[in-house]
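The structure appears below as structure tokens.
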Amino acid sequence: MPNFMVSEPLLAAKFDAVSRQNGFHASSMSEWRIWRRELQAVLRGLLGLDRMVPADLNPRLTEVVQRNGYRCERVEIDTEPGVTMPLYVLVPDGVVKASGVIAAHGHDSAGKLTVAGVADDPGVATRIATYSYNYGEAAAQHGYVVFCPDARGFGERRESLSQGADQLFDSSCHQLAHLALPLGLTVAGMWTWDLMRLIDYIETRPECRGQKVGSIGLSGGGLQTLYLSALDERVACAVISGYFYGVKDSLLAMSDNCDCNYVPHLWENADMGDLGALIAPRPLLIESGRQDPLNGSRGMANVDEQIDITHAAYTVLGAEDRLDRNIFDGPHKWDGAKALPWLDRWLHV
């Protein structure tokens, strides 16, 4: 018997009626430039980037540990007045000059610990084994200078409701969203801002000065890489894993996903394929597991539709070789089969 009191069918119909009003439909480079400028301006406003307040970076080195093939520096930078972002910087042994790569983490990660491969905690080791989560460490061992930050609400940046030692793998996205949304801010916007400030810091590092910057991430780290790459053209190459699908199937129908995914008025303007089109013509690799439940009820069809939108932009710009996919048989995890070769191809030229 149908439940006539629920609103989900009506909201799904509203999505169909109003979604993607600023979606990608350009047929020439000049049309793409106009579209990109307009959607980027809209997106900055929706995320709340126009309300962010810059601060001097004031970088502080607090710890150095030698690990397998690289040194791990703990650094703090200020991204807004009174807001500090701790991060690990993984510097390969003997490196003189190398491209910097941001390795953004997702949920269930203990923040920067998993991507940096700091597996002293047994739970971190378990998650690395389950999700192949130490892709930042792998990139450092491959020769890149890797920056692994704590996103707001994770690791050392958990808010007051998620600070117990037994809550290391929790996040405070829900609390952050409740604090931010009434002020015209968003969790995704704060993450994007912090990564933009991180690029400012990367540009000061002697090992990276003058080199290209890449960004990689799984799940919520894919979210961070998607928004950052769409809005900051200093990202020269991106790898997005487990976060590229149509929002109707994956975020509207699956509305119990984390608050960080939800930006007021976003879906009226764009879907994920449109955000991917903002990255064009810069190199973008999209990684998807066939059994990833976040793809939604239609599975890879929901991913393919968004890839098609992004591919149309790369085609218009004559840059089809700069968009690639890695589809693997597996669940929600980092596969990485093409990731390092992709970075090598585009960051070393």
>> What are the ³J(HN,Hα) couplings of segment 144-155, residue after residue, when phi is run through the Karplus curve with 6.51, -1.76, 1.60 and θ = phi - 60°? Round to Hz, x for glycine and proline.
In response: 8, 7, 10, 10, 10, x, 7, 6, 4, x, 10, x
> Among [x] 39; [y] 26; [z] 13, which is the computed percent of Cα pairs over 37 Å apart?
Replying inline: [z]
> Pick from LEU266, LEU195, LEU90: which is most flexible by mean-square fluctuation in a GNM of the chain where alpha carbon atoms under 10 Å apart are linked?
Replying inline: LEU266
> Of GLU31, GLU80, GLU305, which is the most mobile in a GNM of the chain whose springs link Cα atoms less than 10 angstrom apart?
Replying inline: GLU31
> Quick one: if you stick a label point 7 Å off each Cα along the C-beta vector at THR315 and VAL6, how many nm between them?
Replying inline: 3.7
> In nanometres, what is the gap between the two model label sites at ARG67 and ARG33, each 7 Å from Cα along Cα-to-Cβ?
Replying inline: 4.3
>> At 7 Å along Cα-to-Cβ for each site, give me the label-to-label distance between ARG234 and GLU268 in nm.
In response: 3.2
>> For the chain, set up a GNM with springs between Cα atoms under 10 Å and report which of ARG33, ARG197, ARG67 has the largest fluctuation.
In response: ARG33
> With θ set to phi - 60° and the Karplus curve 6.51 cos²θ - 1.76 cosθ + 1.60, what are the ³J(HN,Hα) couplings of segment 71-77 in order, to the nearest whole Hz, using x for Gly and Pro?
Replying inline: 9, 10, 9, 9, 10, 10, 10
> By a straight-distance test (C-alpha under 21 Å), which lysines pair with LYS112 as possible cross-link partners, with residues fewer than eight away in the same chain excluded?
Replying inline: LYS333
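Using Cβ counts within 10 Å as a stand-in for footprinting exposure, how do ARG157, ARG71, ARG37 rank, fewest first? Please list the in-between numbers first.
Details: ARG157 21, ARG71 15, ARG37 10.
The fewest-first ordering by Cβ neighbours comes to ARG37, ARG71, ARG157.
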>> Need the list of lysines near LYS14 for cross-linking: C-alpha distance under 24 angstrom, and skip anything on the same chain fewer than eight residues off.
In response: LYS248
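The numbers here are math on the coordinates, done by the rules we state, and not lab data. On a predicted model such as this, the values are computed, not experimentally measured, just so you know. Ideal geometry is used to build each Cβ from the backbone, glycine not excepted, and the neighbour counts take in all protein chains shown.
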